[in-house]
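Contents: one structure, followed by commentary.
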Amino acid sequence: MPDYGKMHGIPPQLAPKINLKFFSKKRPIVRHNKKYKASCCIQKSITFAFLYPPMKLNKYFVIDFDSTFTKVEAFDVLADISLSDHQEREARKTQIVHITNQGMDGSISFRESLEKRLALLAPNRKHLPFLITRLKGSVSESFKRNKEFFQQHADNIYIISNGFKEFIEPIVTEFGVKSGNILANEFRFDETGK
């Protein structure tokens, strides 16, 4: 019997993993179910299908939070909230955006960017519920559409952010992301909430 796998360009390292089935009929036969994934082809007078069991998911999905999972930068939203009554509100917000951009383009370190923005923001524990509400309304459409995928692959999805777990966790856990799979900073508030 000819090596149809070799004839049709199947890489040798993949060949042992493929269960090659031949069918005598001219029309393609494909099984669509959870146990098998299949590809069919008609070549000359032979119809064949490659059937193989699903592979164990060993990939990890690492996702940034700001401007990826959400459509906004959380610090910009926090600036709107924490600086709402501040007399230098607009000047500080402009500085925060500028510092964020410096951190992103590498002209200052992420740590320096974070420290400078926190000093300008002066966040308080009381700002978090307002921030979380606004961020929940800013989740990117692609993540909303794929919520089921997140829930099915929760063990393999990680959120990595220079932001803070206190406002990230309530957003992403609604999509099935595990709390332990969130790698971010954590706020340390004093007894007054600062």
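Worth a mention:
- Residues in the range 150-170 that are polar (S, T, N, Q) and under 16 Å from Val72 (Cα atoms) were compared, and the one that is least open to solvent (accessible area, probe 1.4 Å) is Ser161.
- Only one entry in Lys194, Lys147, Lys93 is open to solvent by 90 Å² or more (accessible area, probe 1.4 Å) and touching a residue at least 12 places away in the same chain (Cβ under 8 Å), namely Lys194.
- Where a residue in the range 62-77 is farther than 13 Å from Lys136 by Cα and its partner, wherever it lies, is surrounded by 16 or more Cβ atoms within 10 Å (Cβ to Cβ) and basic (Lys, Arg), with Cβ under 7 Å and at least six apart: Phe75/Arg117
- Search result, residues across the range 96-108 that are polar (S, T, N, Q) and open to solvent by 60 Å² or more (accessible area, probe 1.4 Å): Asn101, Ser107
- Applying the condition of being modelled with pLDDT of 85 or more and hydroxyl-bearing (Ser, Thr, Tyr) to the range 36-82 and asking which residue is most open to solvent (accessible area, probe 1.4 Å) yields Tyr60.
- Among residues of the range 171-186 being aliphatic (A, V, I, L, M) and without any contact (Cβ under 8 Å) to a residue 40 or more places away in the chain, the one that is most open to solvent (accessible area, probe 1.4 Å) is Leu183.
- Among the residues of the range 110-138, those that are of a type in the set (Gly, Ala, Ser) and open to solvent by less than 60 Å² (accessible area, probe 1.4 Å) comprise Ser113, Gly137, Ser138.
- Pairs where the first residue, in the range 78-90, is without any contact (Cβ under 8 Å) to a residue 24 or more places away in the chain and the second is surrounded by 15 or more Cβ atoms within 10 Å (Cβ to Cβ), C-beta under 6 Å, 6+ apart: Arg89/Leu83
The values are calculated or read from the model by the stated rules, or taken from the named source; none is laboratory data. Because the structure is predicted, anything quoted here is derived from the model rather than measured. Note that we place each Cβ from the backbone using ideal geometry, even for glycine, and neighbour counts take in every protein chain shown. For accessibility, only protein heavy atoms count, side chains too; no ligands or nucleic acids. Shrake-Rupley method; radii C 1.70, N 1.55, O 1.52, S 1.80 Å.
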